[in-house]
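Student: The following block contains the structure, expressed as structure tokens.
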Amino acid sequence: MAGIYLHIPFCKQACHYCDFHFSTSLKLKDPLVQAILKELEMQVDYLEGAAIETIYFGGGTPSLLSANDLEQIFTQIHRLYTVKPDAEITLEANPDDIHADQLQVWKTCGINRLSIGIQSFHEKDLAFMNRAHNAKEALACIQLARNAGFELLTIDLIYGSPVSSQAEWAENLEIFRNLELPHLSSYALTVEPGTALDQFIKKGKAPALDEEKAAQEFTYLISKMQEWGYEHYEISNFSLPGKYARHNTAYWFGTPYLGIGPSAHSFRPGFRQWNVANNPKYIKAIQADTLPFIQEVLSKDEQYNEYIMTRLRTQWGCAIQDIQDLGTAYFSHFRQQAAPFIRSKQLIQHQDAFILSPEAKFLADGIAAALFI
Ligand code: SF4
């Protein structure tokens, strides 16, 4: 069991809050696609012949790939890897790229799940974030995707916007509910160093973020999604029962995956590696038959920390057996560090695992850090 992630590092314009790796110049798109085709071949042994259960096109904006780009990539994947017939194949798409002809191309390629970067149904949020789409496109794209036969649809929504009210956040969620989608990913707006948003706030050109408001909107999100029958299966992810994102869930369960493209990460138990986050350097290295990655061998301590960090965010929590398998000293450390959170009922023992209480989910990163070695 394994997955492939492909990073497509191009965007039409830079969203003000974003610190992912992308370029707004599409000048290098063709050589980059050729480099991706070559890297797929160079890395063919990384997954040791494991069948591919999930393929994920992330970015950047993968919906900028042309029919020809996608056809070449899929031909190469199927030539070199064994893709299971029921594989989940996801493409991240922005609403302004979703048109009937493009949807047909994606269907023909075998893409069976779309992750749509809506972020908000309100014009003022979209303008504040500098998204390339408008509120009308945000709504229309869902119907277009459905008309084309896509049932596995998920959207992203951002809470904690300083330019909209809590009532407007509630409206975003109502719209989501009325769309009857199987899955939602929802993130707090954050200020990453060096982003345009960071600069605007520092210069007083944009309002600062209000953590308290974000926490209240997160709490509202959790309660509404629960009321509407969605499982809160990871801090930022909600699905109708069983409709989890298979690709991301596999990450959290330590399934090996191969990351292709600039800045893409790969993982095998005990090892992690990541490609250079620079399009020209990536292309040049691949053209010179070199894989431009840095590899890290994960120590036992790092494996423990990584396990706590990822699994604590999920509804499956940290399994006692998994921690014991790392060594009894790790479980002793976990028990000792977890004690105050167990007493405050932020951490709850559920069957054979420790999970976060709903109220503690907003504090997941801090609690995980306290449990680290
Ligand atoms: S479209 Fe996505 S990757 Fe591109 S700038 Fe916006 S948030 Fe970042």
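Student: Would it be correct to say that Glu88 is modelled with pLDDT of 95 or more, touching a Ser or Thr at 6+ places or on another chain (Cβ under 8 Å), away from the ligand (no atom under 16 Å from the Cβ) and of a type in the set (D, E, K, R)?
Tutor: So Glu88 fits the description; yes.
Student: Something else about it: What are the pairs with Cβ atoms under 8 angstrom where one residue, in segment 55-76, is of a type in the set (D, E, K, R) and the other, located anywhere, is at pLDDT 95 or above and assigned to a helix (DSSP H, G or I)? Sequence gap at least six, or different chains.
Tutor: Pairs found: Asp69/Lys29; Asp69/Val33; Glu71/Cys109.
Student: Would you mind telling me which numbered condition in (1) in a helix (DSSP H, G or I); (2) among the hydrophobic types (A, V, I, L, M, F, W, C); (3) in contact (Cβ under 8 Å) with a residue 40 or more places away in the chain; (4) touching a helix residue (DSSP H, G or I) at 6+ places or on another chain (Cβ under 7 Å) Ile323 fails?
Tutor: Of (1) in a helix (DSSP H, G or I); (2) among the hydrophobic types (A, V, I, L, M, F, W, C); (3) in contact (Cβ under 8 Å) with a residue 40 or more places away in the chain; (4) touching a helix residue (DSSP H, G or I) at 6+ places or on another chain (Cβ under 7 Å), only one is false for Ile323: (3).
Conditions tested, residue by residue: (1) assigned by TED's automatic domain parsing to the domain that holds Val191; (2) over 30 Å from Thr195 (Cα atoms); (3) within 10 Å of the ligand (Cβ to nearest atom); (4) among the aromatic types (Phe, Trp, Tyr).
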{"position": "Ser25", "(1), (2), (3), (4)": "yes, no, no, no"}
{"position": "Lys38", "(1), (2), (3), (4)": "yes, yes, no, no"}
{"position": "Glu53", "(1), (2), (3), (4)": "yes, yes, no, no"}
{"position": "Tyr56", "(1), (2), (3), (4)": "yes, no, no, yes"}
{"position": "Thr61", "(1), (2), (3), (4)": "yes, no, yes, no"}
{"position": "Ala67", "(1), (2), (3), (4)": "yes, yes, no, no"}
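Student: Looking at segment 26-39, is at least one residue outside any helix (DSSP H, G or I) and free of Cβ contacts under 8 Å to residues at least 12 places away in the same chain?
Tutor: yes
Student: Across segment 64-81, what is the number of residues that are touching a strand residue (DSSP E or B) at 6+ places or on another chain (Cβ under 8 Å) and surrounded by fewer than 24 Cβ atoms within 10 Å (Cβ to Cβ)?
Tutor: Here the count works out to 4.
Student: Given the conditions (1) within 16 Å of the ligand (Cβ to nearest atom); (2) in a strand (DSSP E or B); (3) touching an Asp or Glu at 6+ places or on another chain (Cβ under 6 Å), which single one is not true for Asp19?
Tutor: Evaluating Asp19 over (1) within 16 Å of the ligand (Cβ to nearest atom); (2) in a strand (DSSP E or B); (3) touching an Asp or Glu at 6+ places or on another chain (Cβ under 6 Å) leaves (2) as the failure.
The values are calculated or read from the model by the stated rules, or taken from the named source; none is laboratory data. Note that the structure is a prediction, hence the values are computed from the model and not measured. Because the Cβ atoms are built from the backbone with ideal geometry, glycine has one as well, and the counts that use them run over all protein chains shown.
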